[in-house]
Amino acid sequence: MLVGENLIKSFERNEKRGKKTEFNAVDDISIEVSQGEIVGIIGANGAGKTTLLRMLAGLMKPTSGQVMMWDGDEKIENELVMKGKIGYLSGNTKLYGRLSTRELLDMIGKIHGMNTSEIDERIAEISKVLNMDGFIDNRIEKLSTGQTQRASISRCLIHSPQIYIFDEPTLGLDILSSSAIIEFMRKEKENGKGVVYSTHYMEEAEYLCDRIIMIGKGRIIGSGTLDELRNDTGFSSLREIFGALASQEEDLYEC
Amino acid sequence: MNVKIVKSLYKKEMLDVLRDKKTVIMMLVVPLVLYPLVMICSLSIMTGITNSISSNTYRICFDFEDDGHVGELFKNTDEVSYSFEIVSCENPSEALANEEIDAIIRRTVENGRECFDITYMSSINNSSYATDMIEKTLNSYAHNLTISILEDAGLNPEQTLAPVDIHYRDVSTNEETAGSLLGMLIPFMLVMSLLMGTMYPAIDTTAGEKERGTLETMLTLPVSNSELIMSKFLAVGTIGVTSAVLNLIAMGGVGAYMYNMVATIRESTGGLNMSRFIPAIFVGTLCILAFAIFISAISMCVCALARSYKEANNYLTPLTLVVMFASFLGFIPNVTLNTSTALIPVANVCLLVRDLLLFKYNIQMIALVLFVNVAYGLVSVMLLSKIYNSEAVIFGDGNGGIQIFERRSNIKKGMLPTTQDAWLVIIFTAMLVIYAGGAAQLKYGIYGLLITQFIVVGIPLIATIYTKKDIKNTFKLKGCSPKYFFGGIFVIIGGIMLGMLVSAVTGLIFKESALDASESMTQIIGDSFPLALIIIALAPAICEELMFRGYVLGAMSGKYNPRTAIIISAAIFGIYHMSISKFFTTALIGGLICYVAVKSKSIFPGMLMHFTNNALSVATMFYQEETARIFPVFAKETLAVSDILIMLGFGIFFVAVGFFVVKSTKKN
């Protein structure tokens, strides 16, 4: 289980006349992701989704608050140990173009402390699942968009993580590629893995997520299962629910 | 640090870099193909030209009635490489113009002297070469004639023609001659090739990784910052060393080829005993490794600040210029390797390699240079891991950071300079002070010191104005309560006492460099007390204060807490004085002044403190006897235990009183 407690991340923003003001990109958000569930994070651009996921993945240190993991009853706070149990994927995690997928997976496996035979086995397994046999030894810079995306996913899989953190994984992909990713997340959930991911696609979230967290301006504006959210707001589709919650929040700020 | 992780990261970095065509071309093709090709081509072109000249037959025409003895001269030259063909023609001038002949010779006899007129065309190569050869032939004819005339007169021709005979005997061995020539070139070539070799991998592994977006991928892995930096550093270092070695091999190969060529042309092989160079090569290799550590770390530091390939290239250009400039020091004959020059990066390696090639082995100096390079390298690596640790650098969208290279219209107004800008200004000012200031002092003596001070205050001032920062705020140009002046005087008096103790200790450890410093000072200051007071006490009190307690401390306290800012500024102030023996003393004094400046938020108490300190040392230098009478401790060569205790006691007391005064706040 991955837990983020009271996470705050503040940045400096340059304003007129060179004055710097601090603002909280993520403002006191607590979040929990258990094994076997998919948590969706929905929010407008600049709402703080990426910053939140980066903190959960250990890429950024929270200004205050804490990220930890529970492995059964064992509490894990060491950042490096946590990174070993997390698979993080975003539009910004590019791959080394001059390496082949196999070389990349081999390197990452070694960093995760796996031995050579383990790595070879796992690569063969993943290559079969993601259908990568045809291009696994080609340089990544020569691959097509879909192939690159599969290579990216294989990178998160190699060390069999417990929790996946995906930042807009389906953004800009065609229908086939994006539905492959959606299916992948469902399968991993059935395998008992936890997934937290952000998206702009409401229908996708409706279909996929066990719980949904909506954020605006760095704060949680609504959260729960789809049914809970429907009951709270009285709307049926996620799109309407988000619209209602977001405008409520606006009113709050304006008062 | 997990060695396994570093190893697999290193492997990845090497694969990544070696599959980059640019790096491979820089590393392999330039040294191994381009150098030899250029050298050999230009050599063969040159020898080709010389060969075609000397194996020619020149056609000449006599424009007079020859009785036979002149023709004889030109027919029977002793030369094998060229010969003359005597042509007779109707209209010699026309023939010369049509290039049918190379020269026309006329001979007249005046007052018993033979006069030769040679007509030629300097615009035509063969004609002018022919003229040279004719001159040579006629000269030897004249010489022979002179000898026979002298012999006829009953004189000894040798004695008469050359009553004074001068012989030169060069006792330096062939190896030494070769070494001194190589000593000029090799260090420069070595430094530049190492820099060129490390440049591309340095950009590629830092800014390149950022630009390609793989850095974020790397951060998702359980890799610590130090493992990441170490692997990158090792990869860049490996490539740097490899390219330096390849460069050296290529240079050596070309050198050997040229040597052979010259030897066959001259047909006199002096014989170069290559085994004499072995120790030099061995120590030199160590030196290259140490320098590779340094230069890789430095170029990575510079590149890590950049967000893209292009930006990194921009940052590296000034670095290249600075490195080039510093390596030119190896060309200056009077600059030798000593404890001060050994501290100047780049220059120290050049000087050491030069010394090695002259067969000067000073173990202490070798050790010092190696140590200094490794130490600078390590400091840079630490700095690098600090830079790489900051989210602003990794995820940064370009706010803050280095602003000096931005277009001015893009810079926003602000209160204090950024630390990154401050570091650049410090480094640039230091370079200018070392090179331009040093040159000014050599040329103008004491007024050179004044120029140095203008540099010290000018650069930060320009940088502050250019980056649109608030001058009043940055340089603390604000008045303050008189108590800070009062407290400051106490602090500085205590500080001077403690400083003397510190320099007594450091003087024991670094004897030579302390002596160096005091000698050079007395040489420069001359004998006018008021002038020395103005230039050594007043000018630094204003200029150095503005730089160190104004700009540097201002920039540092914009980012760090006051204590860290004071420590960093004090250390920079210490390093600026360019001497190990003075470092601790000046850093101490600098730190104390920083403290008062931070408390008073004004530059002026610091100026007074600085002036007091410097004025006191000027007075001590001019009025040694008087100061010895008033403060006997000042004149003592070695300090007794009681002196030490008294000074320590008074020093701490004065500083404490000063701190108390400065710290106390008015109670409302």
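The values are calculated or read from the model by the stated rules, or taken from the named source; none is laboratory data. No experiment lies behind these values; they were computed from the predicted model shown. Positions of Cβ are generated from backbone atoms using ideal geometry, with glycine treated the same way; all protein chains shown enter the neighbour counts.
Values computed for the structure shown
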quantity	calculated
Yes/no for residue A:30 being more than 10 Å from chain B (Cβ to nearest Cβ), surrounded by fewer than 16 Cβ atoms within 10 Å (Cβ to Cβ), among the polar types (S, T, N, Q) and under 15 Å from the mean Cα position of the chain (by Cα)	no
Number of the condition not met by residue B:529 [criteria: (1) modelled with pLDDT under 90; (2) under 24 Å from residue B:485 (Cα atoms)]	(2)
Residue selected from segment A:113-143 under the condition in a loop (DSSP other than H, G, I, E, B) and within 14 Å of another protein chain (Cβ to nearest Cβ), by the criterion surrounded by the most Cβ atoms within 10 Å (Cβ to Cβ)	A:114
Answer from A:209, A:156 - the residue that is within 17 Å of the chain's Cα centre (by Cα) and over 18 Å from residue A:31 (Cα atoms)	A:156
Pair list, Cβ < 6 Å and 6+ apart or interchain, from segment B:21-35 residues that are of a type in the set (S, T, N, Q) and part of a helix (DSSP H, G or I) to residues that are at pLDDT 75 or above and surrounded by 13 or more Cβ atoms within 10 Å (Cβ to Cβ)	B:23/B:17; B:23/B:200; B:23/B:201
Hits in segment A:62-106 (condition: within 11 Å of chain B (Cβ to nearest Cβ), small (Gly, Ala, Ser) and under 20 Å from the mean Cα position of the chain (by Cα))	A:84, A:87, A:90, A:91
Residues of segment B:197-221 that turn out to be touching a residue at least 40 places away in the same chain (Cβ under 8 Å) and either more than 36 Å from the chain's Cα centre (by Cα) or at the interface with another protein chain (Cβ under 7 Å from one of its Cβ atoms) (or both), as a count	2
Candidate set: segment A:45-61, residues that are small (Gly, Ala, Ser) and within 11 Å of another protein chain (Cβ to nearest Cβ); chosen: the one nearest to the chain's Cα centre (by Cα)	A:57
Per-region count, segment B:578-595, residues touching a residue at least 24 places away in the same chain (Cβ under 8 Å), surrounded by fewer than 24 Cβ atoms within 10 Å (Cβ to Cβ) and of a type outside the set (Ser, Thr, Tyr)	7
Residue in segment B:395-414 that is surrounded by 15 or more Cβ atoms within 10 Å (Cβ to Cβ), more than 14 Å from chain A (Cβ to nearest Cβ), assigned to a helix (DSSP H, G or I) and modelled with pLDDT under 80 present	no
Helices (runs of 4 or more DSSP H) contained entirely in segment B:420-512, each with at least 3 residues that are more than 29 Å from residue B:315 (Cβ to Cβ)	B:438-444, B:446-466, B:482-509
Every residue from segment B:528-560 that is free of Cβ contacts under 8 Å to residues at least 24 places away in the same chain and part of a helix (DSSP H, G or I)	B:530, B:534
Of residues in segment B:347-364 being under 15 Å from residue B:186 (Cβ atoms) and among the β-branched types (Val, Ile, Thr), the one surrounded by the most Cβ atoms within 10 Å (Cβ to Cβ)	B:349
Residue match in segment B:461-472 (condition: basic (Lys, Arg), surrounded by 19 or more Cβ atoms within 10 Å (Cβ to Cβ) and modelled with pLDDT of 85 or more)	no
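Residue-by-condition table, conditions (1) crowded, with 22+ Cβ neighbours inside 10 Å; (2) modelled with pLDDT under 75:
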position	(1), (2)
B:174	no, yes
B:190	yes, no
B:211	no, no
B:239	yes, no
B:242	no, no
B:275	no, yes
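Here is a yes/no grid of residues against (1) in contact (Cβ under 8 Å) with a residue 24 or more places away in the chain; (2) in the same structural domain as residue B:101 (by TED's automatic domain parsing):
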| site | (1), (2) |
| --- | --- |
| B:111 | no, yes |
| B:119 | yes, yes |
| B:130 | yes, yes |
| B:133 | yes, yes |
| B:138 | yes, yes |
| B:143 | no, yes |
| B:148 | no, yes |
| B:154 | no, yes |
| B:163 | no, no |
